[in-house]
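The values are calculated or read from the model by the stated rules, or taken from the named source; none is laboratory data. Treat the numbers as computed from the prediction; the structure is a model and nothing was measured. FYI the Cβ positions are ideal-geometry reconstructions off the backbone, even for glycines, and counts take in every protein chain you see. Heavy atoms of the whole protein, side chains included, go into the accessibility calculation; ligands, DNA and RNA do not. Shrake-Rupley method; radii C 1.70, N 1.55, O 1.52, S 1.80 Å.
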Amino acid sequence: MKKTKLLVDNPFDFELLGFVAPLKDYKMAWVINNCLDINLVRSKDFELQFMDDTALVISQYMIEKDHGYLQLLKNRSLNENGSIRYLIPELRMMDYFLLLQDLTFELDINMYIERLSKSHYIQNVVKLDVNKIKSKENLLTY
């Protein structure tokens with residue numbers, strides 16, 4: 001029997017920042033709001049269902065723009081059985097991810113990094129290349 005495969009090319013048209021910051025999610029959103037002078041708001045938790053019937057529940061904060069969005073996602077989730085699962089397992093050292101998309105103009109990502117690095121709550125801010133992340137499909141939450 002002949003098998004047919006469906007190949008899907010998802011657009012990853014956003015910039016991605018990774019944070020090392022041992023903070024609660026609401027505190028992290030507050031820090032980002034103050035550093036970038038924006039208003040991230042708590043959104044419905046994102047639920048990711050895996051093939052082995054396990055689920056990942058990720059807290060998210062979001063601000064929608066006319067031509068894009070900013071989205072803060074927590075990297076780790078505690079399951080019902082007490083085990084920890086990661087949104088991006090190969091980047092376990094990252095606590096949060098900030099997805100930045102604006103289709104109207106080029107983002108000044110270095111300005112964001114510079115302003116966020118000044119916060120004493122954030123230990124490290126890194127610009128990540130989405131195309132090099134193995135489990136990048138997990139970031140398609142929006």
For the stretch 122-138, just list the computed ³J(HN,Hα) in residue order, Karplus coefficients 6.51, -1.76 and 1.60, θ = phi - 60°, integers in Hz, with x standing in for Gly and Pro. 9, 7, 7, 10, 10, 7, 10, 8, 4, 5, 8, 8, 5, 9, 5, 5, 5
Please give the solvent-accessible surface of D129 in Å², to the nearest 10, using a probe radius of 1.4 Å with every protein chain present. 80
Within the accessible area of the stretch 19-142 (1.4 Å probe), percent carbon and sulfur: 49
About the Cα centre of the chain, what is the dipole size in debye to 20, counting +1 per Lys and Arg Cβ and -1 per Asp and Glu Cβ, all else neutral? 440
Could you report the chain's accessible area per residue, 1.4 Å probe, as an integer in Å²? 64
Please calculate the 1.4 Å probe accessible area of L23, with all protein chains present, and give it to the nearest 10 Å². 40
With every protein chain in place, what's the accessible area of D52 (1.4 Å probe, Å², nearest 10)? 100
How tilted is helix 25-36 with respect to the longest principal axis of the chain? Cα atoms for both, answer in degrees (0 to 90, nearest 10). 50
For the chain, built as a Gaussian network whose Cα springs stay under 10 Å, the top-fluctuating residue of F19, F97, F50: F50
Given a Förster distance of 35 angstrom, what is the FRET efficiency for Q49 paired with V130, based on the Cβ-Cβ distance and rounded to 0.05? 0.95
If you add up the charges near I63, with Lys and Arg at +1 and Asp and Glu at -1, over every other residue whose beta carbon is less than 13 angstrom from its beta carbon, what do you get? -2
